[in-house]
Amino acid sequence: MSSKYVIGIDFGSDSVRSVVVDTADGKIRGTAVAYYPRWKEGLYCLPGESQFRQHPKDYLETLEQTVKEALKEAGNGVAEKVVGISVDTTGSTPVAVDKSGTPLALTPGFEENPNAMFILWKDHTGNAEAEEINTLARKWETDFTKYEGGIYSSEWFWAKILRTLRVDEKVREAAFSWVEHCDWVSAELTGNTDPLTLKRSRCAAGHKAMWHEDFEGLPSEEFLTTLDPLLAGLRNRLFSETYTSDKPMGTLSAKWAQKLGLPENVVIGVGAFDAHMGGVGAEIEPYSFVRVMGTSTCDMLVAPNDEMEGKLIPGICGQVDGSILPGMLGMEAGQSAYGDVYAWFQRVIVGPVAELLGEVEAEKLKEDLIPYLANEASQLPLTENDPVALDWFNGRRTPDANHILKGAIAGMNLGTDAPMIFKALVEATAFGSKAIVDRFLEQQVPIKQVIAIGGVAQKSSFVMQTLSDVLNMPIKVAASDQTCALGAAMCAATAAGVFETMQDAQKTMGAGFDKEYTPNPDHHKVYLKLFEKYQRFGGFIENEY
């Protein structure tokens, strides 16, 4: 039995999963998954208004549950040999905190206030605030968005904060500071949640909060107060230093050691976002294009800093030194909806069934529908006259963020059926992916291989083959079904000193790949014509609708 184990904790949009990993070979010895109970009930969310909030209790309860279950599965004698824990989360998912770093939703009077909870990444209530940031940045002496792709998004830190301060006076008066989900959970495990001293993630700060060494930290006080006087003084109550995820944040507190049954000397690593640690878990290396494919997608690229010197990639989600692998430039892109697009179509069909035939029939249909549609769609002929859809059902993240955009479908007739529509939706998500790949290639950033991780990559061969055909690139699928959590475990092992570098952890703990999709050249030729239609259709919707 190995003498050293680590725990990776991966907070996704709907659930958290914890894995106990042997540092000697990367084998997962115990795993557990739990869904957020309040989120599952739809509490605090208004999808029609793009409001998505999560209660901190959902995170705390499921964290404790899954770690204990994973340790139990790992077996006797493992818990006392755990040396490190690292956490990844969705992002930007910030929360308002008091002076002690306690989320306001955990304080009296704010328990049921959505504005006092974590504002999930896909919350777009700050669309207007994001546009104000962009407008001001374009005429400011220093463009604070230049390392963020040149366009600030409503999915990110400052837009969400400003929106909340404007609409909720009570939260505005009670909020001392704001903390990202990945920073807060990691800090909570150490027992030091003081927002002025806890170590902030380089990944979160660089990609979402306009932090950069060139700016001596966050955007200037003058910029922020010009944006809105409500932001006055907040910069000094946030942070100026950031840390990469190979660094320790601290050690496990006595309270959490007792809760989890672990030693107090367990090292807690600096947190990061799920996609970035997923890139680590997928054994990312220079110019690998790692796609984290779930409800949305996040795309990761790393490159040596010297090879990217002077390059600013427009329209992506930032380029940050050390956000994925320390010592390399991490670049992020992605789509605001991927699996969510398919889930929308599923709801369109299943919803009336539930109303007319009852929940039992609807649940069976829900379980079987997407595999059925995928199978039927895979047998359809592919022609340049097929219906074309836009994947912007939750706006567009990249290239060139615009979250007021909507999804659309063109080219249907009375013969168009459900499999045809599903095929068009799958192709739309692939076309959105191609637009991202093309942006990197246009900017002379090579892509040497494509790696896919996440639920969609694991479950749908039709989606993956379509993507390979559209990109005209082979796609390797990571063998682990918990790649983000495995990446968090690699970070924990490095932070705890088991490995000197993350690359060393990747070599020893990597799970490899178990599938590879290769493109069909004939399909790609047709998809090039359909992609041209996708672009023209997108231009019409964006400019005219």
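The values are calculated or read from the model by the stated rules, or taken from the named source; none is laboratory data. Worth saying up front: this structure is predicted, and the values here are computed from it rather than measured. Ideal geometry is used to build each Cβ from the backbone, glycine not excepted, and the neighbour counts take in all protein chains shown.
Of note:
- Only listed residue being modelled with pLDDT of 95 or more and either more than 21 Å from the chain's Cα centre (by Cα) or within 19 Å of residue 535 (Cβ to Cβ) (or both), chosen from 425, 486: 425
- Matching residues in region 223-258 - criterion: being under 27 Å from residue 310 (Cβ atoms) and surrounded by fewer than 15 Cβ atoms within 10 Å (Cβ to Cβ): 240, 241
- In region 1-15, the qualifying residues are those that are closer than 21 Å to residue 293 by Cβ and of a type in the set (A, V, I, L, M, F, W, C), and the one that is surrounded by the fewest Cβ atoms within 10 Å (Cβ to Cβ) is 9.
- Taken over region 475-500, the criterion of being under 21 Å from residue 448 (Cβ atoms) and in a loop (DSSP other than H, G, I, E, B) is satisfied by 479 alone.
- Filter result for the condition that a residue is in contact (Cβ under 8 Å) with a residue 40 or more places away in the chain and touching a helix residue (DSSP H, G or I) at 6+ places or on another chain (Cβ under 9 Å), over 436, 404, 409: 404
- Among strands (runs of 3 or more DSSP E) entirely within region 235-302, having at least 1 residues that are farther than 25 Å from residue 101 by Cα singles out 288-293.
- Yes/no for residue 151 being out of contact with any Cys (no Cβ under 7 Å at 6 or more places or on another chain) and buried (at least 24 other Cβ atoms within 10 Å of the Cβ): no
- When region 349-400 is filtered for residues that are among the aromatic types (Phe, Trp, Tyr) and within 15 Å of residue 430 (Cα to Cα), the ones remaining, listed by number, are 392, 393.
- Looking at region 153-230, the helices (runs of 4 or more DSSP H) lying wholly inside it that each contain 1 or more residues that are closer than 28 Å to residue 302 by Cα sit at 157-167, 181-190, 202-208.
- Checking residue 459 against (1) within 30 Å of residue 32 (Cα to Cα); (2) crowded, with 19+ Cβ neighbours inside 10 Å, the condition it does not meet: (2)
- Number of the condition not met by residue 60 [criteria: (1) over 26 Å from residue 207 (Cα atoms); (2) touching a residue at least 40 places away in the same chain (Cβ under 8 Å); (3) surrounded by fewer than 23 Cβ atoms within 10 Å (Cβ to Cβ)]: (1)
- Among the residues of region 161-192, the ones that are surrounded by 22 or more Cβ atoms within 10 Å (Cβ to Cβ) and closer than 23 Å to residue 86 by Cα come to 12 in all.
- Residue 331 vs. criteria in contact (Cβ under 8 Å) with a residue 40 or more places away in the chain, under 11 Å from the mean Cα position of the chain (by Cα) and either in a loop (DSSP other than H, G, I, E, B) or crowded, with 22+ Cβ neighbours inside 10 Å (or both): no
- Residue 390 meets each of the listed conditions (1) within 24 Å of residue 50 (Cβ to Cβ); (2) surrounded by fewer than 21 Cβ atoms within 10 Å (Cβ to Cβ); (3) touching a helix residue (DSSP H, G or I) at 6+ places or on another chain (Cβ under 7 Å) apart from (2).
- Single residue of region 16-52 satisfying the filter (closer than 22 Å to residue 69 by Cβ and among the small types (Gly, Ala, Ser)) that is surrounded by the fewest Cβ atoms within 10 Å (Cβ to Cβ): 34
- Residue match in region 459-480 (condition: under 19 Å from residue 342 (Cβ atoms) and of a type in the set (Lys, Arg)): yes
- Unique match (being under 30 Å from residue 85 (Cβ atoms) and either in contact (Cβ under 8 Å) with a residue 60 or more places away in the chain or crowded, with 19+ Cβ neighbours inside 10 Å (or both)) among 509, 464: 509
- Number of residues in region 456-502 that are of a type in the set (Gly, Ala, Ser) and within 14 Å of residue 515 (Cα to Cα) equals 7.
- Selection count, region 101-146, where residues are of a type outside the set (A, V, I, L, M, F, W, C), surrounded by 22 or more Cβ atoms within 10 Å (Cβ to Cβ) and more than 29 Å from residue 341 (Cβ to Cβ): 1
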